[in-house]
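The values are calculated or read from the model by the stated rules, or taken from the named source; none is laboratory data. All figures in this text were calculated on a predicted structure; none of them were measured in a lab. Here the Cβ is made from the backbone with ideal geometry for all residues, glycine too, and neighbour counts use every protein chain on show. Accessible surface is based on the protein model in full, side chains and every heavy atom, while ligands, DNA and RNA are left aside. Shrake-Rupley method; radii C 1.70, N 1.55, O 1.52, S 1.80 Å.
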Amino acid sequence: MALLRISSPHTHRALGTGAVMRTVVLATLPGLAVLTYFFGVGSLHNVLLASITAMGFEAAVMKLRGRPVWFYLRDCSALVTGVLLGLALPPYCPWWLVVLGSGVAIVLAKQLYGGMGFNPFNPAMVAYVVLLISFPLHMSQWAAPLDIGGQTPGVVQALQQIWLGTSIDGYTAATPLDTVKQNSGLMLNDLYLQDPVLSAGQFVGAGWEWANLAFLVGGAYLLYRRIFTWHAPVAMLASLSIMAFLFYDGGSSTSGGSVLFHLFSGATMLGAFFIVTDPVSSAVSTRGRLIYGAAIGVLIYVIRIWGNYPDGIAFAVLLMNFAAPFIDYYTLPRTYGHKKSERATRKVDQ
Amino acid sequence: MELIKVWDIPGGVHPPENKTQSLLEPLGPLAIAPQLILPVSQHIGAPAKPIVEVGDQVLGGQVIAEADGVFSANVHAPTSGRIAAIVEHTVPHPSGMTDLCIILDTDGKDDWTPLSPWEDYAERNKDDLLARIRESGIAGLGGAGFPAAVKLNPRANHPIDTLIINGTECEPYITADDVLMRERAQEVIAGTQILAQLLNQPERVVIGVEDNKPEAIAALRKAAEGSAIQVVSFPTKYPSGGEKQLIQILTGREVPAGQIPAAIGVVCQNVGTTAAIYRAVRFGEPLVKRITTVVGEALQTQRNIEVLFGTPVNFVLEQHGYQHKKASRLVMGGPMMGFSLPDLSVPVVKTTNCLLAPSKKELPPPEPAMACIRCGMCAEACPVELLPQQLFWYAQAEDLEKLETHNLFDCIECGACSYVCPSHIPLVQYYRAAKGEIRQHRIDKEKSDRSRRRFEFRQDRIAKEEAEKEAKRLARKKAAEEAKKKLAEQKANTPAEPKPAAVSTQDTDKQRAKLERLLASAHERLKKAEQPLAEEATDEQAEKQAASIKQAQLKVSDAQKKLDAFIASQGENNRQASSTEANDPVAAAIERAKAKQTMSPEEKLRNSVESLQKRLQKAEQKVIEAKDNKPDMVEALQQGVDKLKDKLSAAQNELAELTPAAAAPATPANATPDVAQAAIERAKAKLAMSPEEKLRSSLESLYKRLEKAEQKAAGAKQEDSDKAEALQQGVERLKEKIASTQKELAEATLSTVAEETPQDPATSDAASLAIEKAKAKAAAMATMSASDKLRNQVDSLQARLEKAQARLEKAEQENDDNIDAFRTGVSKLEEKLATARDQLAELT
C-alpha cells in the first residue's frame, strides 16, 4: 500500500504570507483614514490608484515570466507596496506620477531583481526617490491640513486636478518639516506662533501629528500580532529621538526641532512601522535589526536637518538597505553550544 | 514544595497539543501478531549479528541477534515461535530503506526462557548492573535509540553531577511517556535510583516534565517521596524535550557544540528507558515491548498500547479501525519530527513512540512553497538561535562555506522554523539535504587531500633523486672535461690534428656505404634482368632483355670501378694519416678504421649482422607491443621476426666462416680480427640475452603483482568479503605463472652464461672455443646445484662487469660518443650482480 511521503514537520501554523501582508494593509487603515480626514481624498485616491496599478504591473510581469499569476498576486505583496507608495505620495499629485511610481516599484525595484523576497531595496522607497529626484516640484507640494484651509478640496475638484491637470487654487501649504527647515532668524516658539500649520496643531503641527499617531497605532497592532519584532522600529525611533534631543539646543533659531516634533512630523511613524520593518530588505538577526533601525534613525535626522530634503526616510532606508547584508555578516546570533557569536565571514575548514 | 529554578530556552513554538484523544482510553495490551519482523538495527550503532538459523524454535526473551561491540544492542525474541526467515525487509527509516530483519512466526504460546530476578539489585555492583542492562538490549526509547549502557558508563574525565530523566514529551499527539509516568511511576522512580547508583549518586537527580501533564507529575512526586529525586515541571513549549534543550531548561548549561552532555557533567535518559532498565535489572526482563501511542482521525480507536517489537504496523492499525482512504499519510513519531512511512508492512521498533494516522483535514498536504520574505519568524522560533532564513538562502545557493559559518550543523531539525514559516518552505528538508552534501563534500575533500599529499611526497622524492643524479652527472662531466683538457695540452705539442681525421673517417665511411649501395643495387638490377630470360622468352623480348642486361652489367662494372677507386684513394689517405702520432688513442682509432677498410667483406658482414640485430630487436619489441594492443597483428609480426632471425643466423654463419679466413692472413700484431670476433660474440650474447632479460623483467612484474594480489587477498579476508576466495585463486594462478617463468629463466640463464663466457683475446678460433666452453659449462651446469649455478653466474657477471668498467673508463678517457651506453650497461650489470648475489645469499 503506497503512502504519501512527506518530510517533517507534518503540521503547520495557519499564518501564511498572504495573511501577513493583508494584516499589514489593515494596519495602515487608521493612518489612511486620518490623512483623508485632514487632507481630503487625495491620499485615498493615491492609495487606490497605486494599489491597482501595482497589482496590474505585478500580474503583467508574472505573465511575462510565465508564472501562475493568481498564485503570486494572492500573496498581496504588490498590494502592500502600492498602499505604502500611495501613502507616501503627496495628495492630489497627477495620476501619471502615481502610475509611474508603482511601475518603478514593482517592475524596476522588485521584479527585475527576481521578485518577492529577492529585492535588495524597499520597492516603495525606490519609487518614491525616483519620483522625488525626477519631479521635485510635484513631489514637494503637500496639501494644507483641514485646520487651516477650513475645508479640503472636493471630490470633483480633486479628480479634475489629478486626471485633467486643472489646478485647485491654493490648496498647498508648507509641511512642519519644511517650515522648520526654512526658518531663519525666529526662535522656535515664535515660529510656532507665526506659522499657520504649526500654530494650528496641538503639539507638533496640524494634521501631521494625528496622522503619525494613527500610524503608531497601526504599528502597535502589528507588533501585537507579532508580524514583526520591535527591534528595528524602536531602535529607529530611539536614535531619532536621541539625535533630536542632542541638537535641540533649547529652541533657538537654528534648532532642529524638539524630540516630539521629529517623532510626530513627516513620515516618521509610517517609516518606523511600515517601511523599516520591511523584512526583505532589512537586516535579519535581532542585533542586526537594532543596528539597522538605529542607523536609519540617525540618517533621517541628518538628512532632515543638514541635507537638502525636508524629510529623509526614503533616503535613509535605501542607504541602510545597502548596508543590511554587511550588518548581517557581523551580527550572527550566538548559537546554542557556542561560546560567542561568530562572524559569517570567518573561514571554515570544509 | 521547594521552588526549583528553571531556565527558558530561546525560540520554540506552541503547536496544538492534541494529546487528549489518545488518553481517553486506558493503556491496553495488543494481541501477539502472527508474524514479527525484527530488524537487527533498532538502535544507533553497529547492527546486531543474528545468532539463530532459519527454522530454529525460539522462546520469548531469547537473544536472537547479538550486540556487535559496545555501540550496539542485543535483539531478543519478543515471544516464542519459529524463525521463518532472515531477510532484507523495509524498516522504519525516513528513507524507506530495507535492512536485515529476523522474521519470527509466533506460535501464540508465548513460552519464555526462565528469567533471573534480582531481589537484591540495590546491592549489586556497577559492572554487574551495566552488564545486565547491556544484556537486556536496552536502547534509548525516546527516539534516538542510543544504547543505554554506553551513556550510563561515562568516561572517567567526565564526572557526572546531574542526572536528568526526560519525561517532557513535547511532541504533539504523543502520550506514551505520559501514560507510563501515570501508571508506572514507581518503576520510573526505581529505575532512576538505579541510574543514580550507576553514576555514583550525582548531586542532582531531576525528572523533567512539561506542565501539560499534571497527573504524571503528581504520580511521580508521590512515588518519589522520601527520595532525593526532584520532579520538576516547566512551561510547555516545543521543543523542550530535546536533550540539549531540556538540559538548558533544568541546569542553564549548554552542551558545547560537537560534544556530549557528559562533557558538562550531565546524563540524560528518557522515562521509558528508565523504566525498562528497572524491569531488566529487577526481573531480568529483556527489552521486547514498549508503550506506543496510536492516534489520528483515520483511526476508530485512539489510545496507548503496549506492543511487542516487530509487530507490523498494519497489524497494529487493523486493531484500531484504520481507514486508509481517510488518512493523509502515516507518520511514525510525532507531527513535528516523525517521518512518514513508505508502506504499512514496517514493524514497530524500540524507538517507535507513536503511530500517527491523521485524516486529510487534520494534517492537510503541505501548501506549495512561496518565496522567502525573510520575515524572521523562523529565527524567532529557532531553539538554538540559528538564522534559518539565511541558512535557506545559502542552502539554495549551495554555498556550503556560508552554511557552515551559519552553524548549520547545530540545527537539531526540530522543525519549528518550518512550522512557523508563512511561505510554507520545507526548511528542515533543505537543511537535511545540505548537511548530507557537506558531509559528502568533507569525505571527498579528505580523499583528495590524501591523494594530493601522496602525490606531493612522490614529486619531492623524484625531484630529490633527479637532483642527486644531476649532481653525479655534473661531477662526471667535469672529470671528463678535465681529462679532455689534459689531452688537449698533450696534443698541443704535436702537429697533427686528430679531429678532422676522425671526421674524414666518418665521411669516407658514408661515401663508401653509398658506393656499396650503388653496387648492390646494380647487381640487383642485373639479377632481375637476367631472370625472365631464363624462362619463356620471345625473340623480341630476348633482345630487349639482352640489352638491358648489358646495360645493367655496365652499370655494375661502373659502380665496382668507382668503389675500387674510392677504396684505393682512401687507403692512400689513411696510410698517410697513420704515419703520424702512433701513441695517440685517436690515431689508434684511425688505425682501426684503416684496418677495417682492408677487411671489407668481413666488415660488411659484421655491419649487416649488427643492423640485422637492431632490426630484430625492434621487431621483437613491436611483437610485444602488439601482444598488448593489437592481437591480430602479432602473427604477422612474429613471422617478420622469424625471417629476420633466419637472415641473422645466415649472416652470422657467413661471418663465422669468413673470420678464420680473415684472421689467418692477418699479422700477429694486428688485433683487429679479435676485436671483430669479440664484437660478434658480444652481439651474439646480447641476442641470446634478450629473451632472458625479458623473462627476468616479466618475473619481476609478476612478483610485484603477486605481492599486490596477496595484500588484496589478505585485506579481503580480514573484511570477510566474498571476494576473498576469488582473490586467493588469482594469487594461486600468479604463483604458478611465476614458477613457470622461473623455470624458463633458469634455462635461459644457462644458455646465456654459456655464451657469455669471457673470451680469450689470444685465441684465434674464438667462436668454436666459445661453443666448446659453453658445451662444457652446460654439462657442468646440468650436474650443478642451484647455489653453484648462482655462484657461477655471479662470477661471470663480475668478470663482465670488470670488463665493462674497463671499457667505460677507456671510453671516458676518449670521450667516446657511446659513453652513455657503456654507463647504462655497467649499471645494469651492477644491478644484475646485486640481485644474483642476493639470490645466492638467500639460497646459502
Task: Stokes-Einstein D (µm²/s) once Rh is taken as the Kirkwood radius of region B:280-340 over alpha-carbon pairs, at 37 °C in 0.692 mPa s - done: 253 µm²/s
Task: Peptide B:433-445 - average C-beta neighbours from other chains (10 Å radius) - done: 1
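Using a Förster distance of 56 Å, how high is the FRET efficiency between A:SER167 and A:PHE245, based on the Cβ-Cβ distance and rounded to 0.05? Mind showing how you got there, number by number?
On the way: r = 41 Å, r/R0 = 0.73.
Once the sixth-power term is evaluated, E becomes 0.85.
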Task: Nearest 10 degrees, 0 to 90: helix A:123-134 Cα axis against chain A principal axis - done: 40 degrees
Open item on the list: Taking the Cα centroid of region B:551-565 and of region B:425-474, what is the distance between the two, rounded to the nearest whole Å?
Closed with: 72 Å
Task: Nitroxide proxy distance, nm - points 7 Å out along Cα→Cβ at B:ASP111 and A:ALA14 - done: 6.0 nm
Task: Average beta-carbon neighbours from other chains, 10 Å sphere, peptide B:422-429 - done: 4
Task: Using a Förster distance of 60 Å, the FRET efficiency for B:LYS486-A:PHE326 (Cβ separation, nearest 0.05) - done: 0.20
Task: Sequence-distant residues sharing a close amide H with B:GLY60 (under 5 Å, placed H) - done: B:SER80, B:ASP111, B:TRP112, B:THR113
Task: Accessible area (Å², 1.4 Å probe, nearest 10) - B:HIS324 - done: 70 Å²
- [ ] Amide H neighbours of B:VAL294 under 5 Å, at least 5 residues apart or on other chains, H built in the peptide plane: list them.
- [x] B:ARG303, B:ASN304, B:ILE305, B:LEU355
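Among all lysine pairs in region B:21-356 that are eight or more places apart or on different chains, how many have alpha carbons less than 17 angstrom apart?
Value for region B:21-356: 8.
Using the Kirkwood radius built from alpha carbon pairs, what does the Stokes-Einstein equation give as D for the protein assembly as shown at 37 °C and 0.692 mPa s, in µm² per second?
Answer from the Stokes-Einstein relation: 80 µm²/s.
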TODO: Take peptides B:48-57, A:54-63 and line them up by average Cβ neighbours within 10 Å, highest first, as a rough protection proxy.
DONE: A:54-63, B:48-57
Task: Packing-based ranking, highest mean first, of B:561-569, B:160-168 given that Cβ atoms within 10 Å are counted - done: B:160-168, B:561-569
- [ ] Mind pulling the angle between the C-alpha long axis of helix A:286-306 and the longest principal axis of chain A? Nearest 10 degrees, somewhere in 0 to 90.
- [x] 20 degrees
Open item on the list: For A:LYS63, give me every one of the lysines with a C-alpha distance below 30 angstrom, ignoring sequence neighbours fewer than eight places off in its own chain.
Closed with: A:LYS110
Task: Backbone HN-Hα couplings from phi across region B:413-422 [Karplus 6.51/-1.76/1.60, Hz, Gly and Pro as x] - done: 6, 6, x, 4, 5, 5, 4, 8, 4, x
- [ ] Using a 10 Å cut-off on Cβ atoms, rank the peptides A:202-215, A:253-266, B:462-475 from the highest mean neighbour count down.
- [x] A:202-215, A:253-266, B:462-475
Open item on the list: Averaged across orientations, what area in nm² does the convex hull of the alpha carbons in chain A project?
Closed with: 22.8 nm²
Task: Members of region A:329-349 that become less accessible by 30 Å² or more once partner protein chains are added (1.4 angstrom probe, chain alone as reference) - done: A:TYR329, A:LEU332, A:PRO333, A:ARG334, A:THR335, A:TYR336, A:GLY337, A:HIS338, A:ALA344, A:ARG346, A:VAL348
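Given 0.36 nm per residue, what is the gain on full extension from B:PHE71 to B:GLN186 after removing their alpha carbon distance, in nm?
Details: separation 115, 0.36 × 115 = 41.40 nm, distance 2.92 nm.
Residue separation times 0.36 nm, minus the Cα-Cα distance, leaves 38.5 nm.
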Open item on the list: Shape verdict for region A:16-173, please, from the Cα gyration tensor: rounded (a/c under 1.5), prolate (a/b greater than b/c) or oblate.
Closed with: prolate
Task: Average projected area [Cα convex hull, region B:21-356], square nanometres - done: 16.1 nm²
TODO: Quote the charge dipole size of region B:345-430 about the Cα centre in Debye, to the nearest 20; the model charges only the Cβ of Lys and Arg (+1) and of Asp and Glu (-1).
DONE: 440 debye
TODO: Place a +1 charge on the Cβ of each Lys and Arg in region B:290-352 and a -1 charge on the Cβ of each Asp and Glu, then give the dipole magnitude about the Cα centre in debye, rounded to the nearest 20.
DONE: 80 debye
Open item on the list: Taking the alpha-carbon distance from B:LYS486 and a cut-off under 27 Å, which lysines remain once sequence neighbours fewer than 8 residues away in the same chain are dropped?
Closed with: B:LYS469, B:LYS472, B:LYS477, B:LYS478, B:LYS499, B:LYS594, B:LYS803, B:LYS810
TODO: Measure off, as a whole percent, the carbon and sulfur share of the 1.4 Å-probe accessible area of the protein assembly as shown, all protein chains present.
DONE: 55 percent
TODO: Enter the mean projected area of the convex hull around the alpha-carbon atoms of region A:272-350, in nm², rounded to one decimal.
DONE: 6.6 nm²
Open item on the list: With +1 on the Cβ of every Lys and Arg and -1 on the Cβ of every Asp and Glu, and nothing else charged, how large is the dipole of region A:16-173 about its Cα centre, in debye rounded to the nearest 20?
Closed with: 580 debye
Open item on the list: If you take the accessible area of B alone plus A alone and subtract the pair, what total do you get in square angstrom, rounded to 100, with a 1.4 Å probe?
Closed with: 5400 Å²
Task: Mean accessible surface per residue for the protein assembly as shown, computed with a 1.4 Å probe while every protein chain stays in place, in Å² - done: 50 Å²
Open item on the list: Whole-Hz ³J(HN,Hα) for each residue in region B:643-655, computed from phi via Karplus 6.51 cos²θ - 1.76 cosθ + 1.60 with θ = phi - 60°, x for glycine and proline: what do you get?
Closed with: 4, 4, 4, 4, 4, 4, 5, 4, 4, 5, 4, 3, 4
- [ ] Divide, for region B:296-394, the radius of gyration over alpha carbons by 2.2 N^0.38 Å, where N is the residue count.
- [x] 1.35
Task: Interface residues, region B:311-332 - accessible area loss of 30 Å² or more versus chain alone, probe 1.4 Å - done: B:HIS324, B:ARG329
Open item on the list: Considering only C-alpha atoms, what is the centroid distance from region A:1-68 to region B:290-357, in Å?
Closed with: 40 Å
- [ ] Identify, among A:GLY16, B:ALA148, A:ILE162, the residue whose Cα sits farthest towards the positive end of the charge dipole of the protein assembly as shown, taking +1 on the Cβ of Lys and Arg and -1 on the Cβ of Asp and Glu, with the dipole about the Cα centre.
- [x] A:ILE162
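For peptide B:384-390, how many partner chain Cβ atoms fall within 10 Å of a residue's Cβ, on average?
6
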TODO: Along Cα→Cβ, 7 Å out, is where each label goes; now give me the distance between the ones at A:PHE118 and B:ALA263 in nm to one decimal.
DONE: 4.0 nm
- [ ] In nm, give the distance between the simple-model label positions of B:ARG837 and B:LYS708, each being 7 Å from the Cα along the Cα-to-Cβ direction.
- [x] 3.1 nm
- [ ] Go through region B:403-408 residue by residue and turn each phi into a ³J(HN,Hα) via Karplus (6.51, -1.76, 1.60, θ = phi - 60°); whole Hz please, and just put x for glycine and proline.
- [x] 4, 6, 5, 8, 6, 3
- [ ] Sort by residue number and report every cysteine in the protein assembly as shown with no other cysteine beta carbon within a distance under 4.7 Å.
- [x] A:CYS76, A:CYS93, B:CYS101, B:CYS170, B:CYS268, B:CYS354, B:CYS372, B:CYS375, B:CYS382, B:CYS411, B:CYS414, B:CYS421
- [ ] Pull up all non-local amide H partners of B:ILE207: gap of 5 or more, or a different chain, and H-to-H distance under 5 Å with H placed in the peptide plane.
- [x] B:ILE165, B:GLN230, B:VAL231, B:VAL232
Task: the protein assembly as shown: antiparallel DSSP beta bridges as a percent of all, rounded to 5 - done: 60 percent
